[in-house]
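Note sheet for the following structure.
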Amino acid sequence: MRAMKLSLPFIILSTLLALCFLPVSSASALEGDWELGAAPAAFFMPSRDIYGGGAELFGRYSVLDGLSVGLAAGAYGARNTELKHALGIYNLRAGLFYSLDVLQWVPVIGLNVSSIFSDNHTYQWHRNAHGLSVDFDFQLLYRGIRHLGIGIFFSYHIVLVDEDYMTAGLTLSWFSGMF
C-alpha cells in the first residue's frame, strides 16, 4: 500500500507528460479564441534584495490571428533579507500580446500597462500605496493537449517612480477554440 502511495504522483506526472507529446494537427490560436489561465510565479527586486512568490490570474482574447488583448490580476508576498519585513504587492495589468501560433511550442511576447498596489509604505511607489509600470512579457507555451496549454514566462516590470522588478514562473491555460 505504501509503495502504491509513493508511486501515484509519479504515475500521474508520467501520464500528463505523455499526453503533452501526443501529436496534434496544429496548435494555432485562432481569431475569436479565449485563453484563461493562472501563473504561479516568483517575485524578484534584485537591487534591494527583495524576493517572494505569488500568482496571477489572466484572460486573453484573440482579436486577430496571433494578436490578443489581455487582462490580469496578481498578488505577491515578498521579503527584504536585511529588514525582514513583509511586503504585499498587488497588480492589475492590461496589454497586447503577439503569439507565433504555427507550432505546438508557441512563443508569446506582450506589452502591458500595470497598476501596482501595496500594503507597505517603505519604498517610494509604496508611500502612496500605488504606482504604475510598463511590463514586458515573454512566454513559451506548449499546446499539445486539446484546449490546454502549459508553459513558462518571464516579465520585466519597469516601475515609473521606483525600482524595477521581475516575475517568472509557470503558466497553465485553457483555450476556448479548436486546434
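The values are calculated or read from the model by the stated rules, or taken from the named source; none is laboratory data. Values in this document were obtained by computation on a predicted structure and should not be read as measured data. Here the Cβ is made from the backbone with ideal geometry for all residues, glycine too, and neighbour counts use every protein chain on show.
Looking only at the range 64-79, decide whether some residue is hydroxyl-bearing (Ser, Thr, Tyr), at pLDDT 90 or above and closer than 22 Å to Tyr142 by Cβ. Looking through the range 64-79, at least one residue is hydroxyl-bearing (Ser, Thr, Tyr), at pLDDT 90 or above and closer than 22 Å to Tyr142 by Cβ. Every listed requirement among (1) touching a helix residue (DSSP H, G or I) at 6+ places or on another chain (Cβ under 9 Å); (2) under 16 Å from Leu71 (Cα atoms); (3) at pLDDT 90 or above is met by Met166 save one, (2). Taking the range 101-149 as the range and being of a type in the set (A, V, I, L, M, F, W, C) and modelled with pLDDT under 85 as the test, the residues that pass are Val102, Leu103, Phe117, Trp125, Ala129, Ile145.
The condition (being closer than 21 Å to Gly32 by Cα and surrounded by 14 or more Cβ atoms within 10 Å (Cβ to Cβ)) is satisfied by just one residue among Gly169, Gly177: Gly177.
Kindly provide the set of residues from the range 132-166 that are out of contact with any strand residue (DSSP E or B) (no Cβ under 8 Å at 6 or more places or on another chain) and surrounded by fewer than 17 Cβ atoms within 10 Å (Cβ to Cβ), ordered by number.
Kept after step one, since they are out of contact with any strand residue (DSSP E or B) (no Cβ under 8 Å at 6 or more places or on another chain), are these residues of the range 132-166: 144-146.
Selection gives Arg146 alone.
The set of residues from the range 127-179 being over 21 Å from Pro46 (Cα atoms), not aliphatic (A, V, I, L, M) and not in a strand (DSSP E or B) comprises Asn128, Arg146, His147, Ser176, Gly177, Phe179.
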